[in-house]
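First the structure, in the form of structure tokens, and then the observations on it.
Quick note: the coordinates plus some simple rules give every number you see, no bench work behind them. These numbers come from a predicted model, not from an experiment. Cβ placement follows ideal geometry from the backbone for every residue including glycine, while neighbour counts extend to all protein chains displayed.
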Amino acid sequence: MPGSRFLFIEKLSPLYEDVQSGEIFADSKFFVDCIPAIPAEEILSKYETNKKLPGFDLKSFVKDHFIYPAESDNHYSSANKSLTQHLSGLWDVLTRKPDIAAGTLITLPHPYIVPGGRFREIYYWDSYFTMLGLQVSKRIDIIQNMVDNFAYLIDQIGHIPNGNRTYYLSRSQPPFFAFMLTVLMEEKGDAVLTKYLPQLKKEYLFWMDGVTTLTEIQPTNRRVVRLTDGSILNRYWDDSDTPRPEAFIEDQHTAKKAGTAPKIIYRHIRAAAESGWDFSSRWFRDGVKMETIQTTRLIPVDLNSLLYFMETLLAKAYEKQDPELSRDMLTKSEQRKDAIQEYCWNDEKDFFFDYQFAYQQQTAIFSLAAAYPLFCGCASKKQAAGVAGIIEEQFLFDGGLVTTLTKTGQQWDAPNGWAPLQWIAYKGLKNYGHNKLADKIRANWLTNNEKIFASTGKMMEKYNVNNTENLAGGGEYPNQDGFGWTNGVYLALLVDGKSS
């Protein structure tokens, strides 16, 4: 772990739990992003004394002993700007320069882009989609800085955490580092792959940690799962089994409703946070209620498609320097592709699904995760045609693609659409020649973005694609504006469509 000035929020126990349980702030993330004004030990000592005094006010105590997070970038106005002008100006607004480590924030050596709103730090998978827009804007310097930051995190921590906060260290996010390298390779050539091969390999080892220990009797270890035929696939995981600090009270409420061992529920919740889809019906045993969450029991089709691509890129990287290792990695990628098709493809429904390995059956949830095998190149032409047909018939609306077909009130379900999934589906369909459908998705999504921008002057984290007159909702917090990956995908789609 780099540095010694980072605050692990648990060091503020029991104040931390009392603040979060007391719900004195509207957003659970607010307090864990505060910076102690004096050493944590002194704050705790004062707290133990002061809380016994008559008239003690917890919120006032926090205000007196912590520096509140900086306000979001609401000072930046889009007035009298076109959408593209707005986005060009936003890159600098959303850029954060390296800071001295303070509070839970992990300092990074180079500038980086934050999503915006309540998200005041870098996020792993968001950053790939942000880079797509930076590439269009010719901000290759920031792409380089962000890749170097992620390489630094891999070197120092052993993986890329969810974000550069200490409370995110126990998990990662969908592994897009390999795709980030391809963006940089487009600008600087294949030497990029050679340069970052050590970090790419180290990230792969993180996801595959424990694979040599798997047996029929012990088929799981952290993020790896051995299936009944001996195939190895991956799942989302988190090394902690406590409430997420940034959603402490929400997680406690869910665990209480579940009526089972809280640690099991917390692990499933955290694993879903690693997926980036926090939260969605695809993780729920009954497909409806959050308290039936079962994330660590599922083989996600998106995660394994991304790892297939990582394996193919590693095979390419090893071609010249270690041909035997290259062949071994290529074999692993082919084995993974075969396993994805065996366990996640459904011939009857013509679609990819997540696989519940404990019950040895696929889930019933249709989701846009099915587009990942097309994006990563591990689907057959027949499978791609099946996915394209379902997407066109059931997922495509006037505002773009809906995330799932289920309405649960969760933000990664209907009626919401998200920029990264529009890009994944668009490029995946293009990869397999379904250009007309891809172009329709592109047009509908861009129109939705432009319509909301015209009425609000903002780019949103997510959008209502079923009814473009309404803003998106659902989830643990209000819809955020900014917004890094939305900006990136908008610019990338705008340019890609003109060139195709």
**Prompt:** With labels modelled as points extended 7 Å from the Cα through the Cβ direction, what inter-label distance (nm, one decimal) is found for residue 358 paired with residue 82?
**Reply:** 5.4 nm
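By how many nm would the segment from residue 140 to residue 156 lengthen if fully extended, with 0.36 nm per residue of separation less the alpha-carbon distance?
Separation in residues times 0.36 nm, less the Cα-Cα distance, equals 3.3 nm.
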**Request:** Kindly express, to the nearest 10 degrees and within the range 0 to 90, the angle between helix 301-318's C-alpha long axis and the longest C-alpha principal axis of the chain.
**Result:** 70 degrees
**With at most 12 neighbouring Cβ atoms within 10 Å, loop GluC sites (Glu not before Pro) (DSSP) excluded, longest segment of the chain** = 72-215
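Out of the stretch 126-170, which chymotrypsin sites (Phe, Trp or Tyr not before Pro) are coil in DSSP terms and have no more than 16 other C-beta atoms within 10 Å? Don't skip to the answer; put the middle values down first.
On the way: sites: 128, 129, 150, 152, 167, 168; in loops: none.
When the chymotrypsin sites (Phe, Trp or Tyr not before Pro) of the stretch 126-170 are filtered for loop state and at most 16 Cβ neighbours within 10 Å, nothing remains.
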**Request:** List the aspartates and glutamates whose Cα lies under 14 Å from the Cα of residue 320, skipping any in the same chain that are fewer than 8 positions away.
**Result:** 190, 328
**Complete:** In degrees rounded to 10, the 0-90 angle between helix 177-188 Cα long axis and the longest Cα principal axis of the chain is 70 degrees
**Complete:** Going through 188/337; 202/316; 29/451; 201/381; 451/498 one by one, the pairs whose alpha carbons sit over 27 Å apart turn out to be 188/337; 29/451; 201/381
**Request:** Quick one: what are the phi-derived ³J(HN,Hα) couplings along the stretch 85-90, Karplus 6.51/-1.76/1.60 with θ = phi - 60°, whole Hz, x for glycine and proline?
**Result:** 5, 4, 5, 4, x, 5
**Message:** Quick check: the angle from helix 40-50's long axis to the longest principal axis of the chain, C-alpha only, nearest 10 degrees?
**Reply:** 50 degrees
**Complete:** Non-local residues with an amide H under 5 Å from the amide H of residue 226, with H modelled 1.01 Å from N and Pro and chain starts lacking one, are 220
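Can you divide the C-alpha Rg of the chain by 2.2 N^0.38 Å and report the result to two decimal places? Spell out each step's value before the answer.
Values: Rg = 22.4 Å, N = 500, 2.2 N^0.38 = 23.3 Å.
So the chain has a normalised radius of gyration of 0.96.
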**Request:** Please work out the Cα center distance from the stretch 377-447 to the stretch 76-120, rounded to the nearest Å.
**Result:** 29 Å
**Request:** Mind checking the stretch 28-89 for trypsin sites (Lys or Arg not before Pro) that DSSP puts in a loop (not H, G, I, E or B) and that have at most 16 other Cβ atoms within 10 Å?
**Result:** 51, 52, 81
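Nearest 20 debye, what's the magnitude of the dipole of the stretch 304-422 about its Cα centre given +1 on Lys and Arg Cβ and -1 on Asp and Glu Cβ?
160 debye
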**Distance from the stretch 199-255 to the stretch 294-309 (C-alpha centre basis), Å** = 10 Å
